[in-house]
Amino acid sequence: MSNLSREVAQRTLPASLLFHGPHYSAKLTTALETSRGLSCAKSGDWNCTCDHCRNHRTLDYPWLMILGQKNLLAEIEIGASLLEHHRTDPRRFFLLRAVKKLLKRFDPILWEGDEAKLKGTSGPLSSLQDDLEVLYPAQKLPEEKGLISLLERISSASKALSDALPSTGIPIHQIRKASAWARTTTSGAPKFVLLENADKMAESPRNALLKILEEPPSNTWFFLLTSQKGAILPTLLSRLRAFSFAQRTSEEQQSILGTLFHSTPGSYVGLADYFQASETHKKGLYDELASQFLEALGQPIYPLEAYGKFWSEEDNFRVFLEALVAQADARLDLTAQERFFELLTDVRGRRDTYNLGPALLIETLFYRARAADISSRAP
């Protein structure tokens, strides 16, 4: 990342960027910090006191947009738990920024003309905006019971907003709104558009994005973030400066888990396992879904139709397949296990190689398993 830091300092960074690498490799954090550095009115140090840096640190910078599909609830739940047990300013910042990443996706500009799609979100939005005020530096935190009540309200409102987000990538109307904002809104300050999981965009929003990347407005930067670089169209790639992010080593992940999350060394294999374990509302869900899947193999109807959005969240697809493997050991005879594991291997390969949608892959796995006469029965 030395090249990135140098180009930020010299203000020579191109306007269209691709940050690609595995989950939990700090792509979004780096994009946010790069945006702060590019807009800093002074030295660019983290503790810079200029107005731009202060606003960036709390994600209140008005010329920053964040779009794209992402499961943000794990980070919010972790932040709430950390603040409950460690009433310190770093924990305030962690939770505040986690919730602001969600709120940025509800920028009124992105939903102008499509307000009907936000039905039911005014209450949670208002609740979060009020409750977050106490998390800002210099504000006094409530006493224990009041803090617990506050954190419960934040978690509940965040869940309601998360459920309202689009389930199929970035809609074309949001790409158009962000593009119009970038082209026509003048502020004198640098502007930034961050698109998470950019590989999940359908053809029409990709084409709309391509138009503005061909001639990006001055003093505006576009960051495309993805864990699947191969799924980004060559026409887009040709207009992006790519920066590769490596998977953190096991030692680095354990260090982060210990220093940032106060985790006992060795309690989790890595960051992915820690974040997955934090989502208490999912405890037992993967085993339940795996059980439904296997039990329904003897029936003609796919049983998990209602979970299309669920599979798009980070790690849900992977953990569900692991639950299928565990239950198949107990439910299928050896011949059926062998056939089923071959299908699972193929599904993983199609996901990794072609970036096919997890919802489609799981439904296809169901019908292929039925066609192979695999049914749930004790070995």
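Can you quote the Å³ per residue value for the convex hull of the Cα atoms in region 77-181, rounded to an integer? Working shown, then result.
Details: hull volume 11.1 nm³, N = 105.
Convex hull of Cα atoms, per residue: 106 Å³.
Work out, step by step, the length gained on full extension between A330 and S244: first 0.36 nm times the residue separation, then minus their alpha carbon distance; give nm to one decimal. Don't skip to the answer; put the middle values down first.
Working: separation 86, 0.36 × 86 = 30.96 nm, distance 4.12 nm.
Stretched out fully, the A330 to S244 stretch lengthens by 26.8 nm.
For the pair K159 and N47, a Förster radius of 25 Å applied to the C-beta separation gives a FRET efficiency near 0.15, rounded to the nearest 0.05. Value of Rg to Rh for the chain, rounded to two decimals, is 0.98; Kirkwood radius and Rg both from alpha-carbon coordinates. Each of E363, E203 was scored by other Cβ atoms within 10 Å of its Cβ. Arranged with the fewest first, they read E203, E363.
Other residues lying with their Cβ under 15 Å from the Cβ of V347 contribute a combined charge of +2, Lys and Arg counting +1, Asp and Glu -1. With contacts taken as Cα pairs under 8 Å and at least 6 residues apart, the chain reaches a relative contact order of 21 percent. Calculated translational diffusion coefficient of region 61-121 (37 °C, 0.692 mPa s; Stokes-Einstein with Kirkwood radius over alpha-carbon pairs) equals 252 µm²/s. If the label point is 7 Å along Cα→Cβ of E214, which residues in region 1-36 have backbone nitrogen under 20 Å from it? Answer for region 1-36: 15-18.
Counted by neighbouring Cβ atoms within 10 Å, the residues K177, K140 run from fewest to most as K140, K177.
Rank the residues V325, V193 as a footprinting-exposure proxy: fewest other Cβ atoms within 10 Å of their Cβ go first.
Numbers: V325 14, V193 24.
Arranged by neighbour count, lowest to highest, V325, V193 become V325, V193.
A dipole drawn for the chain from +1 and -1 charges on Cβ atoms has a positive end, and of C40, A326, G21 the residue lying farthest that way is C40.
At a threshold of 8 angstrom on Cα-Cα distance, excluding pairs fewer than six apart, so keeping six or more, what relative contact order does region 100-233 reach in percent? Mind dumping the intermediate values first?
On the way: 109 pairs, mean separation 33.0, N = 134.
Across region 100-233, relative contact order equals 25 percent.
Please report, in whole Å³, the volume per residue of the convex hull around the C-alpha atoms of region 284-371. Mind dumping the intermediate values first?
Details: hull volume 7.5 nm³, N = 88.
Hull volume over Cα atoms, normalised by residue count, gives 86 Å³.
Amide H to amide H, with H built 1.01 Å from N, L194 comes under 5 Å of M65, I66, L67, F223, counting only residues 5 or more places away or on other chains.
Considering only DSSP beta bridges with both partners in the chain, what is the antiparallel share in %, to the nearest 5? Present the calculation step by step, with values, prior to reporting the outcome.
Values: 0 of 18 bridges.
Roughly 0 percent of the beta bridges in the chain run antiparallel, per DSSP.
Summing charges over all other residues whose Cβ lies under 10 Å from the Cβ of R318, with Lys and Arg as +1 and Asp and Glu as -1, gives -1. If you take all other residues with their beta carbon under 14 Å from the beta carbon of S127, and give Lys and Arg +1 and Asp and Glu -1, the sum is -2. Over all directions, the projected convex hull of the C-alpha atoms in region 306-352 averages 3.6 nm² in area.
Values in this text are rule-based calculations from the coordinates and carry no lab data. Keep in mind that what you see is a predicted model, and the values were worked out from it rather than measured. Every residue, glycine among them, receives a Cβ derived from its backbone with ideal geometry; neighbour counts consider all protein chains shown.
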